1. For segment 19-37, which residues satisfy the criterion of being touching a residue at least 12 places away in the same chain (Cβ under 8 Å), away from the ligand (no atom under 16 Å from the Cβ) and of a type outside the set (A, V, I, L, M)?
2. Among the residues of segment 38-68, which ones are under 19 Å from Asp13 (Cα atoms) and within 11 Å of the ligand (Cβ to nearest atom)?
3. Using beta carbons and a limit of 6 Å, which pairs, at least six apart or on different chains, have the first residue in segment 89-103 and free of Cβ contacts under 8 Å to residues at least 40 places away in the same chain and exposed (fewer than 12 other Cβ atoms within 10 Å of the Cβ) and the second one part of a helix (DSSP H, G or I) and not aromatic (Phe, Trp, Tyr)?
4. Assuming Ala61 fulfils every condition listed in (1) exposed (fewer than 12 other Cβ atoms within 10 Å of the Cβ); (2) among the small types (Gly, Ala, Ser); (3) modelled with pLDDT of 95 or more; (4) part of a helix (DSSP H, G or I) apart from one, which condition is it?
5. Here's a check for you: in segment 66-77, which residue that is surrounded by 12 or more Cβ atoms within 10 Å (Cβ to Cβ) and out of contact with any helix residue (DSSP H, G or I) (no Cβ under 8 Å at 6 or more places or on another chain) is nearest to Ile18 (Cα to Cα)?
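The values are calculated or read from the model by the stated rules, or taken from the named source; none is laboratory data. Everything numeric in this text was worked out from a predicted model, so none of it was measured. All Cβ positions, even for glycine, are placed from backbone atoms using ideal geometry, and neighbour counts span all protein chains on display.
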Amino acid sequence: MPIPRLIIPVEEDQLLRILWDDDLLADYPLSYLRGWCPCAACQGHSGERHFIKADNPQLSAINMVGNYALSPRWTDGHETGIYTFEYLRTLSEQLASENAAKG
Ligand SMILES: [Zn+2]
């Protein structure tokens, strides 16, 4: 599994940029990242993932969890989302295909 080499919050563009060690450069809009928060509070236990719309989410910090995940803290205090590297890669593929669909 690729791991992040650089993690760069880009405040002016409201996104989190990750350079992976396989050279993929992925930009995650903050609203997208927050919307797909994988924590139980956001997702419940139905098994199906859904998007939680948040108004203008802002990062206050982002921490590594072991060597397998990132945990963002949001300015509204939400910090229970553990985004595994695998999940982040899934999100970046999902973003790329959504962008391709939009043209
Ligand atoms: Zn959450």
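1. Across segment 19-37, the qualifying residues are Trp20, Asp21, Asp22, Asp27, Pro29.
2. Ala54, Pro57
3. Close Cβ pairs satisfying both conditions: none exist.
4. Just one mismatch for Ala61, condition (4).
5. Ser71
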